[in-house]
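Take a look at the structure set out below.
Nothing in this text is a laboratory measurement; each read-out follows from the coordinates by a stated rule. The model shown is predicted, which means the values in this text are computed figures rather than measured ones. As a convention, Cβ positions derive from the backbone with ideal geometry for all residues, glycine included, and neighbour counts pool all protein chains shown.
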Amino acid sequence: MPEPLDQPTPVRPESSFDVAALAAWLRERVDGLEGSPELLQFGRGFSNLTYLLRFPSRELVVRRAPPGINIKSAHDMGREFRILHALAPAWSKVPRPVAHCDDAAVIGTPFYVMERVRGVILRAQEGAARPADGGGGEPAKDPFLDEATMCRVSASACDTLAEIHQLDWRAIDLGDLGKPAGYVERQVRGWADRYRKARTDDVPTVERLGTWLEENRPTESGAALVHNDFKYDNVVLAPDLLGVTAVLDWEMATIGDPLMDLGTALGYWVDPGDRPLLQGRSVFGPTNLPGNLTRMQFVERWSRATGHDESNVVFYYAFALFKLAVISQQLYKRYVDGFTKEERYVHMLASVRSVTATALVAVDKGRIDRLAE
């Protein structure tokens, strides 16, 4: 049995805070938190920092923004907590929120606390797909990811994304979460602006892709709750791998065009026949294992469930890769500016080049599959 991945580890010095102060704050608001807690950190994410707070009788998860970041919409702890608070009574597939704190004096930044979700998160590392525990604690058992398992899991992931897009966001008091009118235009121009602000090197493929997206913007296809970061390593599967039990990381959720959200999911979805430079991005989850839906099968299944026309899917896929390039550029700039010393950030510039090159292949071929041909 392989060693489980994504286990919490000791807190990195640059991400540490006063756990006693956090525990004292929580005890005033949450019953049953006796004893001294242990604080560990989940180390895989590049965005909000996530910790396991382990009391003798209860385990909680803490989320806070990383240091050196000033992108309010992507790191607003109160907003993410509010989304979970609204979703939890209406939809079973979210972690239950516990408490939120806007006072940076407690641990150095605003934060929120939620229940730990137990299950399996599928990740890929060094080319081998392996299960990971859904939030620390006991190791997840290796479920042997055969074709039947991956077929079932990928179908459940697709259906879960369709469920999100069919939620009645007005009825659960999320009507003011975003402005769906003009959503596509704001997204294209907003992410292009983010790139310009984070730019460090000359990458011609980014410029060409940004121009194509601006010139080929479709009108909105409708309004829905969109997750904006839907991928295997943001969903928790049941221990028996029968389906998705929870969706994590709602920090970028809003009300917008569901086809843009579908595109985001496709941007993380690597097909078995993709070029080697794309295969390296399967770290988001083992979508390239036999049995998984292909990108086009994912699109077709989602379209049947939601009733949306997928004929312009190349645009949404290309834009998703553009977003990933911009995020990589932002992370690389953090490293260049000295906000982090982690070596994994050094490789972000290469990611900017590779994903924009892939997007342009899709644009030139007019399809999102068979890109290696």
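The figures follow:
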| item | result |
| --- | --- |
| Selection from 148, 181, 192, by position along the positive dipole direction of the range 145-201 (Cβ) | 192 |
| Folded to 0 to 90 degrees: helix 348-365 orientation relative to the chain principal axis, Cα | 40 |
| Cα-based convex hull volume of the chain per residue, rounded to whole Å³ | 134 |
| Unit charges on C-beta of K, R, D, E only; dipole of the chain, Debye | 500 |
| Gyration tensor verdict on the range 259-322 (Cα atoms; rounded if a/c is under 1.5, prolate if a/b is larger than b/c, oblate otherwise) | oblate |
| Three-way shape label, the range 200-309, alpha-carbon gyration tensor, a/c 1.5 | oblate |
| Alpha-carbon centroids, the range 293-367 and the range 189-245: separation in whole Å | 6 |
| Gain in span if fully extended, residue 28 to residue 179, counting 0.36 nm per residue against the direct Cα distance | 50.7 nm |
| Under 11 Å, Cβ to Cβ, from residue 115 - net charge with Lys/Arg +1 and Asp/Glu -1 | +3 |
| Highest-first arrangement of 224-231, 192-199, 93-100, 24-31, where packing means the average Cβ count within 10 Å | 224-231, 93-100, 192-199, 24-31 |
| Mean ellipticity per residue at 222 nm, deg cm²/dmol - from DSSP H runs of n ≥ 4 across the chain, formula -39500 (n - 2.57) | -11500 deg cm²/dmol |
| For residue 192, net neighbour charge (Lys/Arg +1, Asp/Glu -1) across residues whose Cβ lies under 14 Å away | +4 |
| Per-peptide average of other Cβ atoms within 10 Å, ordering 80-92, 264-276 highest first | 264-276, 80-92 |
| Peptides 32-42, 319-329 ordered by average Cβ neighbours within 10 Å, highest first | 319-329, 32-42 |
| Between helix 204-215 and the chain: long-axis angle, C-alpha atoms, 0 to 90°, nearest 10 | 80 |
| Size of electric dipole in the range 300-373: Cβ of Lys, Arg +1 and of Asp, Glu -1, about Cα centre, debye, nearest 20 | 180 |
